[in-house]
Amino acid sequence: MRIYIDSANIEDITRIIAKFPVDGVTTNPSLLAREKNNPLEQLKKIKGVLEEQMELHAQVLSQNAEDMISEAEYMHAQLGKETFIKIPVTHEGIKAMKYLNKSGVNITATAIYTPMQAVMAAKAGAKWTAPYVNRLDMIGANGVQVAIDIHNILTKMNVKTELLAASFKNVEQILKLAEVGVGSVTVAPELLEQLLYHPLTDKAVADFTNDFESITAKGTTMRHL
Ligand code: G3P
């Protein structure tokens, strides 16, 4: 499973990259707005802390296809061609995807709430399709199931498009997708850091340390022996 950091905060991104095996960063205009910096400058800063092979996903703000296309091209010029351009699955968005795919732009179709929207994005050439799992749960739908349906459909379509599920609020939602072999998720830093949490793991480490120190001294490790 590929795991992305869903954040535009440099401290959070740097901390997570230093310790977890992640594959890149996804941003959106709301996440960038929280940073109170020039959004394009913030994206450049994020790019500066990414390791080689890590992806950066950044969204266009334009509403019509022609403007989306020129905005995507501008973003490529500013951020590098390997940047994934996030485009919402509106009529204009799909139109822009069709064009940008032909010119070799990496596209992440976003704001997806139905499998059919993902199918259309796949046909328009998106590399990633991003359904909003928790936002679906919040309107009484089953976000995990929508993501699984999209994953299964894309697999059967035999296209280059894959699922990049977004908008999670708990570990269970992510685990359910891992169980069925869903390829990618993007997760906020605070939830990413919960993925490893179990109180008994912390207790086990504390117990081992106490036992070891009972025959040595406080702070002793194998290196001190
Ligand atoms: O980019 C979309 C995704 O970040 C939405 O997440 O947590 O705002 O529902 P959330």
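Here are some notes:
- Single unsatisfied condition, Leu154 versus (1) crowded, with 17+ Cβ neighbours inside 10 Å; (2) in contact with a strand residue (DSSP E or B) (Cβ under 7 Å, 6 or more places away or on another chain); (3) touching a residue at least 40 places away in the same chain (Cβ under 8 Å): (3)
- Which numbered condition Leu43 misses (of (1) buried (at least 18 other Cβ atoms within 10 Å of the Cβ); (2) in contact with an Asp or Glu (Cβ under 6 Å, 6 or more places away or on another chain)): (2)
- Count of segment 163-181 residues which are more than 14 Å from the ligand (Cβ to nearest atom) and without any contact (Cβ under 8 Å) to a residue 24 or more places away in the chain: 3
- The numbered conditions (1) surrounded by fewer than 18 Cβ atoms within 10 Å (Cβ to Cβ); (2) in a loop (DSSP other than H, G, I, E, B); (3) within 16 Å of the ligand (Cβ to nearest atom) are all true for Ser30 except (2).
- Qualifying position, being over 28 Å from Leu195 (Cα atoms) and assigned to a helix (DSSP H, G or I), among Lys45, Lys98, Lys81: Lys98
- Scanning segment 52-109 for residues that are of a type in the set (Ser, Thr, Tyr) and open to solvent by 20 Å² or more (accessible area, probe 1.4 Å) gives Ser62, Ser70, Tyr74, Thr90, Tyr99, Ser103.
- Candidates in segment 121-143 are the residues that are crowded, with 20+ Cβ neighbours inside 10 Å and among the hydrophobic types (A, V, I, L, M, F, W, C); of these, the one that is nearest to the ligand (Cβ to nearest atom) is Ala130.
- Test result for Gly181, assigned to a loop (DSSP other than H, G, I, E, B), among the small types (Gly, Ala, Ser), modelled with pLDDT under 95 and open to solvent by less than 60 Å² (accessible area, probe 1.4 Å): yes
- Residues considered: Leu40, Leu56. Of these, the only one that is over 30 Å from Gly140 (Cα atoms), of a type in the set (A, V, I, L, M), in contact with a helix residue (DSSP H, G or I) (Cβ under 8 Å, 6 or more places away or on another chain) and not in a helix (DSSP H, G or I) is Leu56.
- Within segment 192-209, residues that are part of a helix (DSSP H, G or I) sit with their Cβ atoms under 8 Å from residues that are open to solvent by less than 80 Å² (accessible area, probe 1.4 Å), at 6+ positions apart or across chains, in these pairs: Leu192/Ile3; Leu192/Ile5; Leu192/Ile16; Leu192/Phe20; Leu192/Val22.
- Positions within segment 110-120 being buried (at least 24 other Cβ atoms within 10 Å of the Cβ) and either within 12 Å of the ligand (Cβ to nearest atom) or at pLDDT below 95 (or both), in sequence order: Thr110, Ile112
- A Cβ distance below 7 Å, combined with a sequence gap of six or more or placement on separate chains, defines the contacts here; from segment 15-42, residues that are under 19 Å from Lys86 (Cα atoms) reach no residue that is open to solvent by 50 Å² or more (accessible area, probe 1.4 Å) and among the hydroxyl-bearing types (Ser, Thr, Tyr).
- Any hit, segment 2-19, residues being in a strand (DSSP E or B) and open to solvent by less than 20 Å² (accessible area, probe 1.4 Å): yes
The values are calculated or read from the model by the stated rules, or taken from the named source; none is laboratory data. Small disclaimer: the values here were computed from a predicted structure and weren't measured. Ideal geometry is used to build each Cβ from the backbone, glycine not excepted, and the neighbour counts take in all protein chains shown. Note: accessible area is taken over every heavy atom of the protein model, side chains too, but ligands, DNA and RNA are not part of it. Shrake-Rupley method; radii C 1.70, N 1.55, O 1.52, S 1.80 Å.
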